[in-house]
Amino acid sequence: MPTTLRRFVRFAVVGVIATVTHTAVFSTAIEAGGVEPVTANALAFGVAMLVGYALNRRWTFAAQGAQGVRLWRYAVGALVGLAVNSAIMAAVVHGAHGSPYLGLALAILLVPPLTFALNQYWVFRPRT
């Protein structure tokens, strides 16, 4: 399997793990901790982002060194993905008055390739 395809598959697996982490932290915070949902979501996003960073750094991209720089770049990339995801949802639901599930489907198709490219060519690119 070509390197870029293998990395994309690994990136997708890490995305699933991060999503499960997000869901677990969110649910636990609300159900066991009585945390307000928006606060719980922000906490869960942060934890899932750190899990995604650690797995992508080690397994997907096998990046060495520059952890501080890479972590803030990863955070920026995650926030870009969140912003694009939110823009797609707003355009579909509020602009086109479409189903939020259409917005979700479009975001699932469009956002991962964008965030993969950010990670491949900016966050985890080999230092020269």
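Within the range 52-66, residues that are of a type in the set (D, E, K, R) have Cβ atoms under 9 Å from residues that are buried (at least 19 other Cβ atoms within 10 Å of the Cβ) and part of a helix (DSSP H, G or I) in these pairs: R57/R70; R57/Y74; R57/V123, counting only partners at least 6 apart in sequence or on another chain. Scanning the range 1-37 for residues that are free of Cβ contacts under 8 Å to residues at least 60 places away in the same chain and either in contact with a Ser or Thr (Cβ under 7 Å, 6 or more places away or on another chain) or of a type in the set (K, R) (or both) yields R6, R10, V14. Among the residues here, A90 qualifies as over 19 Å from V16 (Cβ atoms), without any contact (Cβ under 8 Å) to a residue 40 or more places away in the chain, part of a helix (DSSP H, G or I) and not aromatic (F, W, Y).
Note on the range 20-33: among residues that are among the β-branched types (V, I, T) and surrounded by 13 or more Cβ atoms within 10 Å (Cβ to Cβ), the one that is farthest from F116 (Cα to Cα) is I30. Taken over the range 5-19, the criterion of being among the charged types (D, E, K, R), surrounded by fewer than 20 Cβ atoms within 10 Å (Cβ to Cβ) and under 20 Å from L109 (Cβ atoms) is satisfied by R10 alone.
When you go through G98, G65, G46, G77 one by one, which is the residue that is part of a loop (DSSP other than H, G, I, E, B) and either at pLDDT 90 or above or more than 29 Å from P2 (Cα to Cα) (or both)? Exactly one residue qualifies, and that residue is G98. For the range 5-39, the set of residues classified as within 19 Å of G52 (Cα to Cα), more than 14 Å from the chain's Cα centre (by Cα) and of a type outside the set (V, I, T) consists of L5, R6, R7, A24, F26, S27, listed by residue number.
Residues of the range 34-49 that are more than 18 Å from L82 (Cβ to Cβ) and surrounded by 13 or more Cβ atoms within 10 Å (Cβ to Cβ): V35 alone. If you go through the range 3-43 and keep only what is assigned to a helix (DSSP H, G or I) and charged (D, E, K, R), you end up with R6, R7, R10, E31.
Scan the range 54-75 for residues that are β-branched (V, I, T) and surrounded by 13 or more Cβ atoms within 10 Å (Cβ to Cβ) and the total you get is 1. Restricting attention to the range 87-109 and to residues that are surrounded by 13 or more Cβ atoms within 10 Å (Cβ to Cβ) and out of contact with any helix residue (DSSP H, G or I) (no Cβ under 6 Å at 6 or more places or on another chain), the residue that is farthest from G65 (Cα to Cα) turns out to be A91.
The values are calculated or read from the model by the stated rules, or taken from the named source; none is laboratory data. Source: prediction; values computed, not measured. Reconstructed Cβ throughout: ideal geometry from the backbone, glycine too, with neighbour counts over all protein chains shown.
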